[in-house]
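Below: one structure, written as structure tokens.
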Amino acid sequence: MHQNALTETPAFQALTRHQAEADRWQLRDLFTSRQDRFSRYSLDAAGLFLDYSKNSIDDTTLSLLMDLARERGVEAHRDAMFGGERINNTENRSVLHTALRAPRGSRLVVNGQDAIAEVHAVLDRMAAFVERVRSGQWRGRSGKAVTDVVNIGIGGSDLGPEMVCRALRSYSQPGLSFHFVANVDGHDLDAVLSRVNPETTLFVVASKTFTTRETMMNAQSARAWFLQTGSEADLAKHFVAVSTNTDAVRSFGIDPDNMFPFWDWVGGRYSVWSAIGLPVALAVGFDNFRQFLDGAHAMDQHFRTAPLESNMPVLLAMIGVWYRNFFGSGSVSIAPYHQDLGQFAAYLQQLEMESNGKRVSRSGQALQVETCPVVWGDVGTNGQHAYFQLLHQGTDIIPVDFIAALKPTHALPGHHAVLLANCFAQSEAFMLGKDADEVRAELKAQKLTDEQIATLLPHKVFPGNRPSNTILMETLTPAALGALIALYEHKVFVQGVIWDINSFDQWGVELGKVLAKNIEPEINGAPRPEAHDSSTNGLIARARAALSSSPA
Ligand code: F6P
């Protein structure tokens, strides 16, 4: 579907004019002038609650943003994705992570096959395997049950399972530990191997392509480590694979019977719902894994059927577009007030930035507007004591997504109210700020002299008017987490449609991979034509000298 330039659409132009007015608004005034802001600008969907009232928006803003969504064809694109059309045009692929969480019995024919039936066939195999490992029936080479699972994968074959295993920690089976090795830096694998016993360790080699250099190298090293004490015949008890590439799995030496497949219509960063989620299912059990899929499916149904005006992913996306394209905000901060969501921001970095970090349209034209902002963040309350200073008083306006669960999954008294108080206080402080009159009155009450007040005052003023969303769930259950991830997936999708981006390819990661292939032999001592620029030549020479003199 070819698009006209975004800036030429009537809604974009109307939003540009409207922004000139919105730029003068103060959020605190918007709250005073409309008492119903919270109820008006919040909604529930799929077990999540979104409060988007602390944004520089009013009814006109939202109506214009929805006009823009309609003009860009969000509904038609959404239906094309769910229907299995090949919307990943540069790879000629369907985009069907939503089929991975569809209930048994629904039907979707892709490439002549019923995708949902295939999905459930693999889920059934995963369920049986998970049961054997968790019950102790699956035995290692010396007859002992599995105590440690090591996932070897990178990008989408690492971030999803690792983030979700950590998020659902309180649902995990005691006695089974999970480790994630992604980096080709041998320190990563070394640190894990030094903690596990080869007799009771199960390696899951996870790679969509089964060609990724980092994963293949880590898998080979893990295999060599295993063979120091075990035999080739024992490998099948300790290595399983998750991939779309059966031939490569076989030639690596893993029996295809120990392989859990998925399909080219699952993007790496959208794959935690597939067999890539095997470590999650091993950790929390298959019923909980199914709940995780069901939570995402509930969000899919909401996204598919709710009118744009009350569609949570659409609202989140369009408010993001408002700040990115009309206020020039270059970054978005994610602040989960839940320790178990400690890797959620890192997960979203790949989801958002690998999907929408693009500068040309689906048809290859240079885009005239800014696209994906930088996504970053860390858990509250820790961030408050580190970088929140910049969010409150820095020169950039950075919208924040606060995420919290109303109830904890621990039993420690008192903590949760303090945590939630901090979460709500931060969004209130961002919105309200503290003006010069308030600061002056406060300093006067502390009996400071006029001179002292004049010196301190500018430092103690908070400009406020800083926007945020708050996403709440009852507790961080598998279903709530599933819905939360799907919410962001669909947000990314909608933004991709607005910007006319193919959100499902990632050509930008290729160049570095190719150049690394040239440099690696040069570092290892191959004859070198000094073919690079002086900086790269100099760096290679230093590494070459250091490695040739190091004992390792
Ligand atoms: O290099 C980027 C990337 O292709 C990601 O998109 C992907 O998630 C990651 O590498 C890992 O790929 P694979 O699962 O094929 O090893």
query = V149 versus (1) in contact with a Ser or Thr (Cβ under 8 Å, 6 or more places away or on another chain); (2) open to solvent by less than 10 Å² (accessible area, probe 1.4 Å); (3) within 16 Å of the ligand (Cβ to nearest atom): which is the lone unmet condition?
reply = (3)
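Here is a yes/no grid of residues against (1) surrounded by 18 or more Cβ atoms within 10 Å (Cβ to Cβ); (2) without any contact (Cβ under 8 Å) to a residue 12 or more places away in the chain; (3) small (G, A, S); (4) more than 18 Å from K491 (Cα to Cα):
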site: E352; (1), (2), (3), (4): yes, no, no, no
site: S355; (1), (2), (3), (4): yes, no, yes, no
site: K358; (1), (2), (3), (4): yes, no, no, no
site: T371; (1), (2), (3), (4): yes, no, no, no
site: W376; (1), (2), (3), (4): no, no, no, no
site: V379; (1), (2), (3), (4): yes, no, no, yes
site: N382; (1), (2), (3), (4): no, yes, no, yes
site: F388; (1), (2), (3), (4): yes, no, no, yes
key: region 215-233, residues that are away from the ligand (no atom under 16 Å from the Cβ) and either of a type in the set (F, W, Y) or open to solvent by less than 30 Å² (accessible area, probe 1.4 Å) (or both)   = W225, F226, G230
query = Out of region 234-258, which residues are open to solvent by 10 Å² or more (accessible area, probe 1.4 Å) and either within 26 Å of the chain's Cα centre (by Cα) or among the aromatic types (F, W, Y) (or both)?
reply = T244, N245, F252
ask   = Taking region 255-310 as the search range and keeping residues that are in contact with a helix residue (DSSP H, G or I) (Cβ under 9 Å, 6 or more places away or on another chain) and of a type in the set (V, I, T), which one is farthest from R101 (Cα to Cα)?
value = V284
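This table checks each residue for (1) out of contact with any strand residue (DSSP E or B) (no Cβ under 9 Å at 6 or more places or on another chain); (2) within 13 Å of the ligand (Cβ to nearest atom); (3) closer than 14 Å to V149 by Cα.
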| residue | (1), (2), (3) |
| --- | --- |
| N183 | yes, yes, no |
| L189 | no, no, yes |
| R195 | no, no, yes |
| T201 | no, no, yes |
| F210 | no, yes, no |
| R213 | yes, yes, no |
query = Wholly within region 178-280, which strands (runs of 3 or more DSSP E) include no fewer than the required count, namely at least 2 residues that are without any contact (Cβ under 8 Å) to a residue 60 or more places away in the chain?
reply = 201-206, 239-243
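For region 477-552, please list each of the helices (runs of 4 or more DSSP H) lying entirely inside it that holds at least 3 residues being within 16 Å of the ligand (Cβ to nearest atom), open to solvent by 70 Å² or more (accessible area, probe 1.4 Å) and out of contact with any strand residue (DSSP E or B) (no Cβ under 6 Å at 6 or more places or on another chain).
Once the helices (runs of 4 or more DSSP H) in region 477-552 are filtered for at least 3 residues that are within 16 Å of the ligand (Cβ to nearest atom), open to solvent by 70 Å² or more (accessible area, probe 1.4 Å) and out of contact with any strand residue (DSSP E or B) (no Cβ under 6 Å at 6 or more places or on another chain), what remains is 510-523.
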request  = Answer yes if at least one residue in region 82-89 is open to solvent by less than 60 Å² (accessible area, probe 1.4 Å) and under 21 Å from P467 (Cα atoms), and no otherwise.
outcome  = no
key: Residues (surrounded by fewer than 19 Cβ atoms within 10 Å (Cβ to Cβ) and touching a strand residue (DSSP E or B) at 6+ places or on another chain (Cβ under 8 Å)) located in region 90-107   = R107
query = Taking the condition closer than 25 Å to D500 by Cβ and out of contact with any Lys or Arg (no Cβ under 8 Å at 6 or more places or on another chain), does H338 pass?
reply = no
key: When residues of region 437-456 are limited to those that are part of a helix (DSSP H, G or I) and among the β-branched types (V, I, T), the one nearest to the chain's Cα centre (by Cα)   = V439
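Select from region 314-367 the residues that are among the basic types (K, R) and not in a helix (DSSP H, G or I) and write down the one among them that is nearest to the chain's Cα centre (by Cα). Lay out the reasoning, then the answer.
Of the residues in region 314-367, the ones among the basic types (K, R) are 324, 358-359, 362.
Right, trim to not in a helix (DSSP H, G or I) and you get 358-359, 362.
On the way: K358: 17, R359: 20, R362: 22 Å.
The residue in question is K358.
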query = Out of (1) on the phi > 0 side of the Ramachandran plot; (2) away from the ligand (no atom under 16 Å from the Cβ), the odd one out for G155 is which?
reply = (2)
inquiry  = Residue under question is D59, and the condition is that it be buried (at least 17 other Cβ atoms within 10 Å of the Cβ) and either free of Cβ contacts under 8 Å to residues at least 60 places away in the same chain or closer than 27 Å to V400 by Cα (or both); does it hold?
reply    = no
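The values are calculated or read from the model by the stated rules, or taken from the named source; none is laboratory data. The model shown is predicted, which means the values in this text are computed figures rather than measured ones. Backbone-built Cβ (ideal geometry, glycine too); neighbour counts: all protein chains shown. SASA here: full protein model, heavy atoms, side chains in, ligands and nucleic acids out. Shrake-Rupley method; radii C 1.70, N 1.55, O 1.52, S 1.80 Å.
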